[in-house]
Amino acid sequence: MAQLLERCPLCHAALDSQRQGSAFSKCLSCDVMVRTPFPSDEELAELYRNSWRDPIENARETGGTNPSLARIYSVKLARALALRDFTGLKVLDFGAGRGAMLATLSELGADVYGIDPFGAAALERRAFQAYRALSDLPRNLRFDGIVMIDVIEHLSAPGVVLKQLREILKDHGWIFIATPNVAGLAARLSGSHYREALKPGHLILFGPAGLEKLLEQSGFCSCRRLMWLVPYRRNPIRRLVHFGLQSTGMDGEARFIGFKREQAPQLDGPRRTRMRILP
């Protein structure tokens, strides 16, 4: 049964009262918005089971990253790590959805693994190494990197999960997270009609400060926001406006990278890229 929350599940500070018509309350301490009533695990499981009966139609719950965006993200992530591809690296996609990032990272040379509680079987049918839960991974498996794209906002205990993910990283390992930006212009202007707040699977929405704080509390170091220019829009005027928002950090997505250790070494140096970024 859904639970009315009075305190933030991350920092336990008081939540402000819900704004009229909004499903979210703001934490007064850590720059996040929390869904309240907070759905139970059983209600969430039912939501995702229903979504995976038609994963394309329900992409907002089964993975909204399309192949074109996955290509852009993968190449930009490699550049952020001073790499040109991921050859020789083990990379975990936590919340792999329908597998767009798995496919792209694999094309860029990574040895990829996916975790998805409801999509694992579909990923296995595509010959990916996929598991339903972290506990199902081979015991001694360790990763060079982990990606979480539009996943952390679906987690009821994101801090617990981040600590578990840090444990399965190699000492030089990194984590990349992308999530809707509740401090962006669209969120501020939309109020209770903010589209990310209308998605029933979204439980905790982060601003950049809140996400960085959560990463640091979970043990990650050298955390920084990646201010990428991502060409979501085909219309040149709308694309220019979007680039302006991205360059000022007011766009709709916050992207962060963090490292397991404070002095994360450069990973193997640059290599020749085998993939072209799509326009």
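Measuring max minus min along each principal axis, the C-alpha atoms of the range 140-236 give extents of 45, 32, 21 Å (largest first). Simple spin-label estimate for GLU43 and GLU124 gives 3.1 nm between the two label positions (7 Å along the Cα-to-Cβ direction from each Cα). Along the range 203-209 the Karplus relation, 6.51 cos²θ - 1.76 cosθ + 1.60 evaluated at θ = phi - 60°, assigns HN-Hα couplings of 9, 10, 9, 10, x, x, 5 Hz to successive residues, with x for each Gly and Pro.
This model, with +1 at the C-beta of Lys and Arg and -1 at the C-beta of Asp and Glu, gives the chain a dipole about its Cα centre of some 1040 debye. FRET efficiency for the SER156 to ALA14 pair, using the beta carbon distance and R₀ = 30 Å, is estimated at 0.95. Restricting attention to the chain, lysine pairs at least eight places apart or on different chains and with alpha-carbon atoms under 18 angstrom apart total 9. Scanning residues 5 or more positions from ILE146 or on other chains, those with amide H under 5 Å from its amide H are LEU92, TRP174, ILE175, PHE176, with H placed 1.01 Å from N in the peptide plane.
Placing a pseudo-label 7 Å from each Cα along the Cα-to-Cβ vector at ARG225 and LYS163 gives an inter-label distance of 2.7 nm. The distance separating the Cα centre of the range 36-53 from that of the range 111-170 comes to 19 Å. When peptides 155-166, 41-52, 80-91, 112-123 are ranked by their average number of other Cβ atoms within 10 Å per residue, the highest-first order is 112-123, 80-91, 155-166, 41-52.
The orientation-averaged projection of the convex hull spanning the C-alpha atoms of the chain amounts to 14.6 square nanometres.
Bear in mind that the values in this text are calculations on the coordinates, not laboratory data. All values reported here derive from a predicted model rather than from experimental measurement. Cβ sites come from the backbone with ideal geometry, for glycine too, and all protein chains shown count toward neighbours.
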